[in-house]
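What follows is a set of notes on a single structure, which appears directly below.
Where a number appears in this text, it was derived from the coordinates with a stated rule and is not lab data. All values derive from a computational prediction rather than experimental measurement. Note that each Cβ is placed from the backbone with ideal geometry, even for glycine, and that neighbours are counted across all protein chains shown.
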Amino acid sequence: MKYLLLILTALCVPAFGAPALKVTNRQFEDGSGSSKQVDPEKKQSIESFITGTGKLQYRIIYSLDDRLQPVSGVYYNAAGRVFQKSAYRLDGADRIIQEVIYDANDKLVCTKNYVYGTRGGKDNTVVAVDVYDANGNLQAQPRKGGSPQRRR
């Protein structure tokens with residue numbers, strides 16, 4: 001009995017010492033949704049996007065920094081094939097301010113710069129996305145309503 005107690009105690013100690021996985025589920029207005037699982041120990045996050053009918057649409061595996069913020073992401077289609085890779089740059093408020101997008105073969109596709117501001121009374125909302133093609137040319141984008149914060 002004493003040995004059984006020691007074995008059970010030894011098996012439980014690593015479980016208490018390891019950071020817990022965090023799962024966040026979201027439901028969107030169109031009936032689709034996503035589920036995101038963050039593994040602090042691996043510094044990795046997996047987000048799965050599901051259609052309104054419950055089918056897997058695509059999945060993103062994020063590499064995270066020490067503060068568990070995304071550094072990069074690899075996008076997989078429903079069949080498990082890579083179709084996009086992204087690298088992220090964050091500001092001091094841990095908001096993604098730049099996304100550099102590559103195709104499955106690591107060829108630069110575009111760069112997106114996110115502009116934050118206030119819209120509908122909500123602060124820190126993306127009010128504009130400036131998209132630059134692979135040659136660095138700004139693509140014409142319709143602007144969303146709102147007051148942008150100063151760009152850095």
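Okay, here's what the table says:
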{"item": "Distance (nanometres) between label positions extended 7 Å along Cα→Cβ at Asp133 and Leu56", "result": "3.5"}
{"item": "Stretchable slack from Asp66 to Asp106, in nm (0.36 nm times residue separation minus alpha-carbon distance)", "result": "11.9 nm"}
{"item": "Over 18 Å (Cα to Cα) - which of Lys85/Lys107; Lys36/Lys122; Lys85/Lys112; Lys22/Lys43 fall in this group", "result": "Lys36/Lys122"}
{"item": "Karplus 3J(HN,Hα) series, Hz, for the range 35-51 with 6.51 cos²θ - 1.76 cosθ + 1.60 (x for Gly, Pro)", "result": "9, 10, 10, 9, 10, x, 5, 8, 6, 9, 9, 10, 10, 10, 9, 10, 6"}
